[in-house]
Amino acid sequence: MAAAEGSFVKLIELSIPGLYVLESPVWGDDRGSFREWFKDEDFQAAGIDFRAQQANLSISKRNVVRGLHYSMAPEGQAKVVTCAHGELDDVIVDVRVGSPTYGRCEVVHLAAGEERSVCVPVGVAHGFCVTSEVGALIYLLSSPFNAALELEINPFDEEINVPWTISGEPVVSPKDAGAPSLRERRDAHELPLFH
């Protein structure tokens, strides 16, 4: 199941500056499927310098809401995410003070076996909810996890008003459920700046 000649990762910018949907062909046969979901040369061609420093796997059940998380690391933290199993809605919120799209939310549906991934820029908040029985999200980080610099915003903040696509009671960690609002983070000067 080799990738066909000329396969590539196509980057399509969304309304938040630096946020891209990635599309790449899925090659399948009677054994299963294969897909290149990150290819450095295609990122370089689009002017994106992304160097993976850590890779994570998150497995969650239906109606789990994770996020909204962001990093205050001085070097920033971009992410490239894709769904490895099931289906989920990936949520990105621009929390960069001074951004022309500050407070804007984008939702990208991801499903295993489909051609879509997401490139999340430095300084935005990220989260997701699982819409299938079980969902697995894999992601590359441009800087390693640093607990002291990782912050969260309440996923149900009314100012952001994320349109979570859950079919029942949300399953949320106590830390996320008790997280400050976007306004509280801004008032405390705990948000990244737009560059």
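Which condition from (1) closer than 24 Å to A179 by Cα; (2) surrounded by fewer than 16 Cβ atoms within 10 Å (Cβ to Cβ); (3) not hydrophobic (A, V, I, L, M, F, W, C) is the one that E106 breaks? Among (1) closer than 24 Å to A179 by Cα; (2) surrounded by fewer than 16 Cβ atoms within 10 Å (Cβ to Cβ); (3) not hydrophobic (A, V, I, L, M, F, W, C), the lone unmet condition for E106 is (2).
Figure legend. Inter-residue proximity from the range 43-62: first residues on the phi < 0 side of the Ramachandran plot and part of a loop (DSSP other than H, G, I, E, B), second residues open to solvent by 100 Å² or more (accessible area, probe 1.4 Å) and not aromatic (F, W, Y), beta-carbon distance below 6 Å, spacing 6+ or different chains. Indicated pairs: R62/E133. Checking each residue in the range 150-172 for being exposed (fewer than 13 other Cβ atoms within 10 Å of the Cβ) and either in contact with a strand residue (DSSP E or B) (Cβ under 6 Å, 6 or more places away or on another chain) or modelled with pLDDT of 95 or more (or both) picks out E158, E159, N161, P163.
Within the range 90-115, residues that are more than 18 Å from F156 (Cα to Cα) and among the polar types (S, T, N, Q) reach partners that are open to solvent by less than 40 Å² (accessible area, probe 1.4 Å) and not in a strand (DSSP E or B) with beta carbons closer than 6 Å, at six or more positions or on different chains, in the pairs T101/I16. Residues that are under 23 Å from I166 (Cα atoms) and assigned to a loop (DSSP other than H, G, I, E, B) within the range 96-119 comprise G103, R104, A112, G113, E114, E115, listed in sequence order. In the set A84, A73, only one residue is surrounded by 14 or more Cβ atoms within 10 Å (Cβ to Cβ) and in a loop (DSSP other than H, G, I, E, B); that residue is A73.
Among the residues of the range 138-149, are any touching a strand residue (DSSP E or B) at 6+ places or on another chain (Cβ under 8 Å), part of a strand (DSSP E or B) and open to solvent by less than 40 Å² (accessible area, probe 1.4 Å)? Scanning the range 138-149, I find at least one residue that is touching a strand residue (DSSP E or B) at 6+ places or on another chain (Cβ under 8 Å), part of a strand (DSSP E or B) and open to solvent by less than 40 Å² (accessible area, probe 1.4 Å), so the answer is yes. Within the range 30-47, if we keep just the residues that are closer than 14 Å to V80 by Cα and of a type in the set (F, W, Y), the residue that is least open to solvent (accessible area, probe 1.4 Å) turns out to be F43. Between N154, N146, the distinction of being of a type outside the set (G, A, S) and within 21 Å of I166 (Cβ to Cβ) belongs to N154 only. The numbered conditions (1) open to solvent by 50 Å² or more (accessible area, probe 1.4 Å); (2) under 14 Å from L137 (Cα atoms) are all true for D90 except (1). Flag: F50 matches the condition of being modelled with pLDDT of 85 or more and either closer than 18 Å to R116 by Cβ or small (G, A, S) (or both). Checked across the range 58-66, the condition of being more than 21 Å from V172 (Cα to Cα) and surrounded by 16 or more Cβ atoms within 10 Å (Cβ to Cβ) holds for no residue.
The values are calculated or read from the model by the stated rules, or taken from the named source; none is laboratory data. This is a predicted model, so every value here is computed, not measured. As a convention, Cβ positions derive from the backbone with ideal geometry for all residues, glycine included, and neighbour counts pool all protein chains shown. Each accessible area value is taken on the protein alone, full model and side chains, heavy atoms only, with ligands, DNA and RNA left out. Shrake-Rupley method; radii C 1.70, N 1.55, O 1.52, S 1.80 Å.
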